[in-house]
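A.B. asks: Following this message is one structure expressed as structure tokens.
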């Protein structure tokens with residue numbers, strides 16, 4: 001009898017060990033790997049890698065037609081930086097005047113004019129200008 005109990009006890013321990021090993025392999029290890037390999041969000045701005053792009057750079061000078069400019073605030077690895085305040089300068093009417101970047105590092109501005117001309121726009125983040133500029137043109 002005691003031989004059977006020892007056998008049952010050993011088999012029970014083996015089943016528990018296999019269950020524990022399966023649980024670790026199926027649930028704990030994958031979650032730990034995902035947590036350890038998640039990339040940290042970008043927080044350090046690289047003015048040289050940030051971009052200012054004209055989505056629409058030609059419009060009528062009627063006070064209604066809009067030019068649209070996108071600014072991308074990036075880190076040194078080309079990843080967008082979230083939550084940075086960006087301003088755009090070079091014209092009287094730029095809406096909104098300050099935009100907070102989204103998860104892609106993007107801030108979008110639009111502008112209208114009743115005055116014809118070409119305007120050079122500069123984006124700033126934290127008071128520092130980006131290394132590039134963009135021109136928009138309004139004409140009748």
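A.B. asks: So which of 87, 46 ends up being modelled with pLDDT of 75 or more and not assigned by TED's automatic domain parsing to the domain that holds residue 103?
C.D. replies: Only one candidate passes the filter, namely 46.
A.B. asks: Taking the conditions exactly as written (over 27 Å from residue 139 (Cα atoms) and surrounded by 21 or more Cβ atoms within 10 Å (Cβ to Cβ)), does residue 105 satisfy them or not?
C.D. replies: Values: over 27 Å from residue 139 (Cα atoms): yes; surrounded by 21 or more Cβ atoms within 10 Å (Cβ to Cβ): yes.
The answer is yes for residue 105.
A.B. asks: So which residues in segment 58-81 are surrounded by 15 or more Cβ atoms within 10 Å (Cβ to Cβ) and part of a strand (DSSP E or B)?
C.D. replies: Across segment 58-81, the qualifying residues are 59, 60, 67, 68, 69, 70, 71, 72, 74, 80.
A.B. asks: Just name the residue that is nearest to the chain's Cα centre (by Cα) out of those in segment 118-138 that are exposed (fewer than 12 other Cβ atoms within 10 Å of the Cβ) and within 16 Å of residue 66 (Cα to Cα).
C.D. replies: My answer is 120.
A.B. asks: Next up: Out of all the residues in segment 104-121, which are in contact (Cβ under 8 Å) with a residue 40 or more places away in the chain and within 15 Å of residue 51 (Cα to Cα)?
C.D. replies: Matches in segment 104-121: 105, 108, 109, 121.
The values are calculated or read from the model by the stated rules, or taken from the named source; none is laboratory data. Keep in mind the model is a prediction, meaning the values are calculated, not measured. FYI the Cβ positions are ideal-geometry reconstructions off the backbone, even for glycines, and counts take in every protein chain you see.
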